[in-house]
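The values are calculated or read from the model by the stated rules, or taken from the named source; none is laboratory data. This is a predicted model, so every value here is computed, not measured. Here Cβ is always computed from backbone atoms with ideal geometry, including for glycine, and neighbour counts include all displayed protein chains.
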Amino acid sequence: MNSEISDAGGGLTLRRIREILDGEIICGEQFADSAVGSACGCDLMSDVLAFTRPGSVLLTGLTNSQVVRTAEMLDLKGIVFVRSKKPDERTVKMAEALQLVLILSPHPLYESCGRLYVSGLGGCQDVGRAGDTCHAEPDSAEPRHAELDSASRDDGETIRA
Amino acid sequence: MEVRNLDSAASLHYTFDVQGGDFGKAGDASSRVKRILQQIGAGPEIVRRVAVACYEAEMNVVIHAHKGKVTLDADLQRIAVTVEDEGPGIEDIDQAMTPGFSTAPDSVREMGFGAGMGLPNMKSCSSDLRIDSVKGVGTTVRMTFDNA
């Protein structure tokens, strides 16, 4: 394994990610020196929303505007569009406004992820720090059910910051 | 938009319209909600939880309903997001809460949604989730987020 990341961490810069992927930065060049500590490769945005750590880079085969919206909600730093699929102009403009770095990788999703992984960039679950995802606590394996009644249960409760 | 931090007595209330089927604007309301919470000085962790849950709920309106609205209420102790729509309603809420269950069409799945994780995501991001739905009328999702 040719990890470029020291044990002390620090991650890979988005510029280095572009190099590893033989890719092209199409948006956010001025932010490409910021580092990411983890990555997620996924085409299911709900899974991304559930499991991706803030500050990560997302690799995906989708190019619609919802990919950028998903990155926005999670405070991701960049998106890699695999197989060099380019998002439309409106989506790129949205990413520009959010100061996101967009990278085109000529490689398929699996190979793009693999190149970054062997360079030392881990996944969002690698560290096992669930508190770093958007969730307040690790999700239960059991599906939880909605409160169906409208009765007030704990509306009076306040929790201090 | 006014930029300020909430003082101890203040609360805020915003409402945003959501158009069913308009995937170009899907997420706009959640984006506004997120920016408002950042501007009032809410912490990044709770802002992310609210943003993710609100976005999932907003996407459900765009995917399934004719129209809807997102309402944000916030004070120092608690953030509440209510998403109500006029649409087909949810036939079986317990089933809809099961990870992986979805009635979304393939066109929505091709956009990366409709994987049956929306309601479970809302549940895990929020402190409390309540769903009221009437078949053929619409659905109201109420979420609260404790600031802790």
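Read through the list (1) within 17 Å of B:Ser126 (Cα to Cα); (2) more than 14 Å from the chain's Cα centre (by Cα); (3) surrounded by 17 or more Cβ atoms within 10 Å (Cβ to Cβ), then give the number of the only condition that B:Ser102 fails.
With respect to (1) within 17 Å of B:Ser126 (Cα to Cα); (2) more than 14 Å from the chain's Cα centre (by Cα); (3) surrounded by 17 or more Cβ atoms within 10 Å (Cβ to Cβ), B:Ser102 is out only on (1).
Can you pull out the residues in segment A:52-61 that are out of contact with any Cys (no Cβ under 9 Å at 6 or more places or on another chain) and at the interface with another protein chain (Cβ under 8 Å from one of its Cβ atoms)?
Once the filter is applied, which keeps residues that are out of contact with any Cys (no Cβ under 9 Å at 6 or more places or on another chain) and at the interface with another protein chain (Cβ under 8 Å from one of its Cβ atoms), segment A:52-61 yields nothing.
Before we move on, is A:Leu21 more than 14 Å from chain B (Cβ to nearest Cβ), in contact (Cβ under 8 Å) with a residue 12 or more places away in the chain, crowded, with 18+ Cβ neighbours inside 10 Å and closer than 20 Å to A:Asp126 by Cβ?
Answer is yes for this residue.
Exactly one condition in (1) in contact with a Gly (Cβ under 6 Å, 6 or more places away or on another chain); (2) under 17 Å from B:Gly112 (Cα atoms); (3) modelled with pLDDT under 95 is false for A:Gly11; which is it?
(2)
From the set of residues in segment B:116-137 that are farther than 13 Å from B:Val83 by Cα and touching a strand residue (DSSP E or B) at 6+ places or on another chain (Cβ under 6 Å), which is surrounded by the most Cβ atoms within 10 Å (Cβ to Cβ)?
B:Ser126
I want to confirm something. Restricting to segment B:53-99 and keeping residues that are closer than 14 Å to B:Met117 by Cα, among the charged types (D, E, K, R) and buried (at least 20 other Cβ atoms within 10 Å of the Cβ), which single residue is nearest to the other protein chains (Cβ to nearest Cβ)?
That would be B:Glu56.
Does A:Ser84 satisfy being away from every other protein chain (no Cβ under 13 Å) and either under 21 Å from B:Ser30 (Cα atoms) or among the hydroxyl-bearing types (Ser, Thr, Tyr) (or both)?
yes
Within segment A:79-93, is even one residue within 9 Å of the chain's Cα centre (by Cα) and modelled with pLDDT of 95 or more?
Yes: one or more hits.
Cβ-Cβ below 8 Å, separation at least six or inter-chain, first residue in segment A:67-79 and within 11 Å of chain B (Cβ to nearest Cβ) and within 11 Å of A:Pro54 (Cα to Cα), second surrounded by fewer than 24 Cβ atoms within 10 Å (Cβ to Cβ) and charged (D, E, K, R): which pairs?
A:Glu72/B:Lys34; A:Met73/B:Lys34; A:Met73/B:Arg48; A:Leu74/B:Arg48; A:Asp75/B:Arg48
For segment B:131-139, state whether one or more residues are facing chain A (nearest Cβ under 8 Å), in contact (Cβ under 8 Å) with a residue 60 or more places away in the chain and not hydroxyl-bearing (Ser, Thr, Tyr).
no
Among the residues of segment B:128-142, is any part of a helix (DSSP H, G or I) and either more than 22 Å from B:Phe16 (Cα to Cα) or of a type in the set (Ser, Thr, Tyr) (or both)?
No: zero hits.
What about A:Gly114, is it small (Gly, Ala, Ser), touching a helix residue (DSSP H, G or I) at 6+ places or on another chain (Cβ under 7 Å) and modelled with pLDDT of 95 or more?
Against the criterion (small (Gly, Ala, Ser), touching a helix residue (DSSP H, G or I) at 6+ places or on another chain (Cβ under 7 Å) and modelled with pLDDT of 95 or more), A:Gly114 does not qualify.
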